[in-house]
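Visitor: First the structure, then my questions, so here it is.
The values are calculated or read from the model by the stated rules, or taken from the named source; none is laboratory data. Predicted, not measured: the structure shown is a model, and the values here were computed from it. Glycine also receives a Cβ, built like all others from the backbone with ideal geometry; neighbour counts cover every protein chain displayed.
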Amino acid sequence: MKSGTPNHFETDSAASRGRALLITARSMPVRTILAILVAQTVAINSAQANDEPALKTAFRDHFLIGTAVNRSMTTGAAFRRTTDQVNADIALVRKHFNLVVAENDTKWALIHPREGQDGYDFGPADAFVNFGWTNEMYLVGHTLVWHSQTPNWVFAGTNPPPAADSAAPPPGPGRPGGGFGRYTGPRASRDELLQRMRDHIHTVVGRYRGKIKVWDVVNEAIADGGTNVLRNSLWLEIIGPDFIAKAFEYAHEADPDAILRYNDYGLENPAKRRKLLTLIRSLQEQKVPVTAIGSQAHVNASTTFDSMDQALTEMATLGLPIHITELDVNLSEGGQRTTGADIANNTAATQSGLVDDADRRQAEAYAGIFRAFVKHAPHVKMVTFWGVNDAVSWRARGKPLLFDGENRPKPAFQAVIAESRNPGPSKPSP
Ligand code: G3I
């Protein structure tokens, strides 16, 4: 936020107290500031739950602020939440966010569950697009090619590959296919699978052309461990490593104006980040139309300004915009050993209750993370949270978001707002 810019703090008495605190805070240690913010947030929560400043306004000179929305929010149909809670969730989205992405409804398994032109279920995705469009929000599509949440029919065929190719590793947790087991029947040929990929991308991207501005074209293709750059998947095994280039080519054909993103998690880890740099540089050398890097940022309470600063500094060397695509800060004790994002590993990552002093630690982590985002604002164009509040989060037990299950701002919220006032390079929105 540029100094002197009129903003939400001017008319907000609770937040004015926050500003007064921030002015006097410059000489205080970070822990002291956070302790005061935690105490102050508790007071504000109980007295004025709805008077908090809007995230999108606080960061309007830095980047867009987004959230993943679920089907209840885009259709109004309550699922595991009461109607009142869903309405409150929707109100929170409208207040704080100027970007939305569907948490599930634009994934292959949901939008294209059956083979053929009649195999699409566009209803929920249309509802998502209508929700974002009518609320004048920037729309992001997630995701076109992924090893998970892709129906088995996509990989099935009548042309089994030669015997040597069928010596694939055995099925295991998190293996490709639907994401919950691996397709083991006769496989499509390379040409069949490329044709299905092209049809899917052209149909889905084409349908929302001009509305969905950014697509996660390829999601999570990099291997977590070992020395291989690419994770083993049916896309890789059947098509070969150029499945990534092909997906971007098809997406570019379908919407030449869309921003086309490579999206992955764990990029705070130096070894995985090196693989990202190798992959993207190779795509750039081949003139593949990859035009943004998506860093999911499913992190934990140990994440610091320094680790995020280092990650962003290295990713920025690619010369592409950086989008933070799925931010959350896992508070579960089990989650402090991993920043994985596989749904199959979520139970392990949300075990053993919360870390000690959870609110303060989360506020401290979010403060450092956003300080790094603001520092790198010339490269960071959008920051998207993976969910609206702790109750609807994919890892609800890790309480990873800025709002609790009743949509009350947590201490981390105040810590994030405070970072919007740190002087840093500003730039127009994308
Ligand atoms: O829709 C069905 C419902 O009909 C059924 O009754 C219910 C029974 O459990 O399941 C529902 O589907 C669930 C779906 O979310 C919608 O809630 C699936 O079981 C569940 O596995 C699925 O999880 C999603 C997960 O991706 C799947 O891989 C999470 O919501 C979603 O947050 C998560 O998001 C991923 C990103 O796409 C990629 N990066 C990692 C991130 C976290 O895993």
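Visitor: Any idea which of G141, G119 is of a type in the set (G, A, S) and surrounded by 24 or more Cβ atoms within 10 Å (Cβ to Cβ)?
Guide: Residue meeting the stated conditions: G141.
Visitor: May I ask you to say which residue of G141, G119 is at pLDDT 95 or above, away from the ligand (no atom under 16 Å from the Cβ) and within 19 Å of R207 (Cα to Cα)?
Guide: Result of the check over G141, G119: G119.
Visitor: Same structure again: If you go through the stretch 126-136 one residue at a time, do you hit one that is within 16 Å of the ligand (Cβ to nearest atom) and either more than 22 Å from I244 (Cα to Cα) or surrounded by fewer than 17 Cβ atoms within 10 Å (Cβ to Cβ) (or both)?
Guide: Among the residues of the stretch 126-136, at least one is within 16 Å of the ligand (Cβ to nearest atom) and either more than 22 Å from I244 (Cα to Cα) or surrounded by fewer than 17 Cβ atoms within 10 Å (Cβ to Cβ) (or both), which makes the answer yes.
Visitor: Still on this structure, please answer the following. Of the numbered conditions (1) in contact with a Gly (Cβ under 9 Å, 6 or more places away or on another chain); (2) among the hydroxyl-bearing types (S, T, Y); (3) part of a loop (DSSP other than H, G, I, E, B), T325 fails exactly one; give the number of that condition.
Guide: (3)
Visitor: For the subset of the stretch 226-269 comprising residues that are on the phi < 0 side of the Ramachandran plot and free of Cβ contacts under 8 Å to residues at least 40 places away in the same chain, which member is farthest from the ligand (Cβ to nearest atom)?
Guide: P256
Visitor: Every residue in the stretch 337-358 that is in a helix (DSSP H, G or I) and either surrounded by 22 or more Cβ atoms within 10 Å (Cβ to Cβ) or at pLDDT below 95 (or both), please.
Guide: R337, I343, A344, N345, N346, T347, A348, A349
Visitor: Something else about it: Got a sec? Which of P161, P173, P169 is assigned to a loop (DSSP other than H, G, I, E, B), surrounded by 14 or more Cβ atoms within 10 Å (Cβ to Cβ), modelled with pLDDT under 95 and not small (G, A, S)?
Guide: Every option except P161 fails the conditions.
Visitor: Mind checking which residues of the stretch 235-256 are in contact with a His (Cβ under 7 Å, 6 or more places away or on another chain) and among the aliphatic types (A, V, I, L, M)?
Guide: Listed by number, the list holds a single entry, A254.
Visitor: Hey, could you check the stretch 66-91 for residues that are modelled with pLDDT under 95 and small (G, A, S) and say which is farthest from N135 (Cα to Cα)?
Guide: A78
Visitor: Here's a check for you: in the stretch 338-358, which residue that is in contact (Cβ under 8 Å) with a residue 12 or more places away in the chain and more than 12 Å from the ligand (Cβ to nearest atom) is nearest to the chain's Cα centre (by Cα)?
Guide: Among residues in the stretch 338-358 that are in contact (Cβ under 8 Å) with a residue 12 or more places away in the chain and more than 12 Å from the ligand (Cβ to nearest atom), the one nearest to the chain's Cα centre (by Cα) is T338.
Visitor: What's the number of the condition A377 fails, among (1) closer than 16 Å to A58 by Cβ; (2) surrounded by 21 or more Cβ atoms within 10 Å (Cβ to Cβ)?
Guide: Among (1) closer than 16 Å to A58 by Cβ; (2) surrounded by 21 or more Cβ atoms within 10 Å (Cβ to Cβ), the lone unmet condition for A377 is (2).
Visitor: For the stretch 388-414, which residues satisfy the criterion of being part of a loop (DSSP other than H, G, I, E, B) and among the polar types (S, T, N, Q)?
Guide: N389, S393, N407
Visitor: Do you know which residues across the stretch 197-225 are basic (K, R) and either on the phi > 0 side of the Ramachandran plot or in contact with a helix residue (DSSP H, G or I) (Cβ under 6 Å, 6 or more places away or on another chain) (or both)?
Guide: Matches in the stretch 197-225: R198, K211.
Visitor: Any chance the stretch 364-386 includes a residue that's free of Cβ contacts under 8 Å to residues at least 40 places away in the same chain and in a loop (DSSP other than H, G, I, E, B)?
Guide: There is no residue in the stretch 364-386 that is free of Cβ contacts under 8 Å to residues at least 40 places away in the same chain and in a loop (DSSP other than H, G, I, E, B).
Visitor: Also, quick follow-up: Under 8 Å between Cβ atoms, which residue pairs at least 6 apart in sequence (or on different chains) link something in the stretch 113-130 that is small (G, A, S) with a partner that is in a loop (DSSP other than H, G, I, E, B)?
Guide: G119/H112; G119/P113; A125/D105; A125/T106; A125/Y208; A127/D105
Visitor: Select from the stretch 63-84 the residues that are more than 16 Å from the ligand (Cβ to nearest atom) and over 18 Å from the mean Cα position of the chain (by Cα) and list them in ascending order.
Guide: G76, T82, T83, D84
Visitor: Select from the stretch 392-413 the residues that are crowded, with 20+ Cβ neighbours inside 10 Å and among the hydrophobic types (A, V, I, L, M, F, W, C) and list them in ascending order.
Guide: V392, L401, L402, F403, A412, F413
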